[in-house]
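What follows is a set of notes on a single structure, which appears directly below.
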Amino acid sequence: MLTETFYYTEFGDRVDLTPSSDAVAIKYQAEVPPKDLEKLIRGDDRLAEFVVSSELRQRGMLVYKRSTAARTTLSEFIARLSESDQIAYAMPVYFLNQHPVLITDEFVVGFKPDVPQSEIDALNQARGIEILEAFDFSPNTFLLRVPRDNQAEILDIVRAYYALETVKFSEPNLIYIKELKFAFNPNDALFSQQWHLPMVDAPEAWDITRGDRSVVIAIIDDGVDLDHEDFASPGKIVPTADLFDFISSDNDPRPALSNDDHGTAVAGVATADGNNSIGVTGVAPNCRLMAIRLDGTNSATRDANAFRFAANHGASVINNSWGPPDGAGAFPLPALVRAAINHATDNGRGGLGCVIFFAAGNGNEHISAPATLDGYASYNRVIAVAASNDTEVRSAYSDFGPEVNICAPSNDTAPGHRGIVTTDRMGSQGYNPPSSGSDPISNSNYTGTFGGTSSSSPLAAGISALMLATNPDLTWEQVRYILEATAEKIDSANTNPVAQYQPNGHSQWYGYGRVNAFEAVKGARSSVPDRDFVHRITVTLRRTSGDRFVSTKIVRPIDARQRRAETGTEAFVRSGPDGFLRTEMSIGSLELLDEVEVDS
């Protein structure tokens, strides 16, 4: 009889896995003729059925759901399947809370940095363990595979490795059903303009910059229609070698399935060509586009390798409008994915770090509460983006929590709210085929019903690309801070304690507020002109002689993310031929001081 099992995270937290009583995941050695496979699996289990999944079939896998009339136990059925030389392995389907996950014959182990390779090799060889891949962004970390006769004990082996003194973490390479943060499609009124761009002051930001080809926005999603007419400007798409499809393992990340519509819409929000007399414009129209394709079924290794690929191939900004399914319980961030995100933020952009955005989610749930943890969006090295609607209040579906950094305009589920106009797959495929009557955009190459935090995230990501076009020397943490510091405090009169802005300027619904492209671009400038404020303090100056002053009192150091109106006089302290006083004060370490000299 199958019983609940578990593994440990790198921090020692126990992750319980509950087996299904009627479903098994099967990986076959090679392409098996359908009739042979059906004959092999059915055996004496009449009335059982295949669970069809094109994504799983591309991985040489399928899920088989057994009938209640099956004559054998699931354990006996798996044992019989494992005897066939056509089957690589067979495992029950497990549930991580309510997330269906597939356990494979692979697991990921991170050894401590000082463990020599010879010791690692000897340890693996003694157990018959094969090294499949080493991860350069996480030293001494390997993807391992157990031998065929030990597949049933995979989680026992994972725990045994975790118990070794030489090991930092050991986790199964779970395959899970990754839910994209798809657009909500309410029956709202028709509209024909991109209302979200004026709302974030994008036209004003474009007076400063429309982006630059040196800034690359990576879209990790289900494929991007690279042949779209609004991605056709010279140099828009990065070279083929900097594109990748992790499903087919080639350099063509175009949509492969009939429902691979999401990535094209996401990419358009961020960086569709502008000022070309057709279609739409992204918020960063002159920035380059890198497409990296994942699909609806994924694993930690694919997620991690996608981040590594983006960082190693020149991505400046990485957008992720996907994550664990909403409403299915907690899903922690796999250790390998954490290591890959760390690699991207530590080493991307020549050490300045890739700026990584995640859609907060569309389940109206807390992203870090134990019961609803989204380990991806709540990780402190990513920027989590919630959704607000066209009336400047929270979209009803938007996830929330202390880890939400900012929000950005999107649609809402209630009637009367507008969706986001963006690129759609060319022609009859996509959200808006010619026969559709639900989309207010008649041109089938575009859609007017996109939304969810899937749309909020690339809008914020595109604004960060404008910031990097203005100041390429910003670190990823500086980009995050400036986005927070320049965000607008929407819905400030809301009395809901979860919605309210706290003294530090943060709201669990809105983060530090709704993004503002114009203010963010100004805040990113390396030479800040008058009235372009990011850091704000109030000072009292006393003239000592001539044009030399001292500060007798710093009344109050202000964190710019608070954006309070009652902070008193705001002033730059500069001096020189331009008539201003200057100072070299360090904002991060300011305290109440006496007699602070101001540079003359």
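Values for this structure:
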read-out: Condition check for G314: small (G, A, S) and either modelled with pLDDT under 95 or not assigned by TED's automatic domain parsing to the domain that holds A344 (or both); value: no
read-out: Of residues in segment 280-305 being out of contact with any strand residue (DSSP E or B) (no Cβ under 8 Å at 6 or more places or on another chain) and β-branched (V, I, T), the one surrounded by the fewest Cβ atoms within 10 Å (Cβ to Cβ); value: T281
read-out: Close pairs (7 angstrom Cβ cut-off, 6 or more residues apart or separate chains): outside any helix (DSSP H, G or I) and modelled with pLDDT under 95 in segment 318-342, aromatic (F, W, Y) and surrounded by fewer than 24 Cβ atoms within 10 Å (Cβ to Cβ) anywhere; value: P324/F331
read-out: Among the candidates V200, V224, residue that is farther than 30 Å from K112 by Cβ and modelled with pLDDT of 95 or more; value: V224
read-out: Count of segment 97-121 residues which are outside any helix (DSSP H, G or I) and more than 12 Å from A25 (Cβ to Cβ); value: 14
read-out: Segments classed as helices (runs of 4 or more DSSP H), wholly inside segment 1-84, with at least 2 members that are modelled with pLDDT of 70 or more; value: 74-82
read-out: Subset of segment 452-496 (residues that are under 22 Å from E365 (Cα atoms), outside any helix (DSSP H, G or I) and polar (S, T, N, Q)); value: S492, N494, T495, N496
read-out: Residue check for R381: assigned to a helix (DSSP H, G or I) and of a type in the set (K, R); value: no
read-out: Search result, residues across segment 472-488 that are over 19 Å from the mean Cα position of the chain (by Cα) and within 16 Å of G348 (Cα to Cα); value: P472, D473, L474
read-out: The listed residue being part of a strand (DSSP E or B), touching a Lys or Arg at 6+ places or on another chain (Cβ under 6 Å) and of a type in the set (S, T, Y), out of Y94, Y89; value: Y89
read-out: Residue within segment 309-317 that is buried (at least 20 other Cβ atoms within 10 Å of the Cβ) and in a loop (DSSP other than H, G, I, E, B) present; value: yes
read-out: The one condition in (1) under 29 Å from P198 (Cα atoms); (2) surrounded by fewer than 21 Cβ atoms within 10 Å (Cβ to Cβ) that P370 fails to fulfil; value: (1)
read-out: From the options S444, S456, residue that is of a type in the set (S, T, Y) and under 19 Å from S378 (Cα atoms); value: S456
read-out: Residues satisfying the stated conditions in segment 346-375, i.e. touching a helix residue (DSSP H, G or I) at 6+ places or on another chain (Cβ under 7 Å) and among the polar types (S, T, N, Q); value: N347, N362
read-out: Condition check for D491: among the charged types (D, E, K, R), out of contact with any His (no Cβ under 8 Å at 6 or more places or on another chain) and at positive phi; value: yes
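The values are calculated or read from the model by the stated rules, or taken from the named source; none is laboratory data. What you are looking at is a predicted structure, and each value in this text was computed from that prediction instead of being measured. All Cβ positions, even for glycine, are placed from backbone atoms using ideal geometry, and neighbour counts span all protein chains on display.
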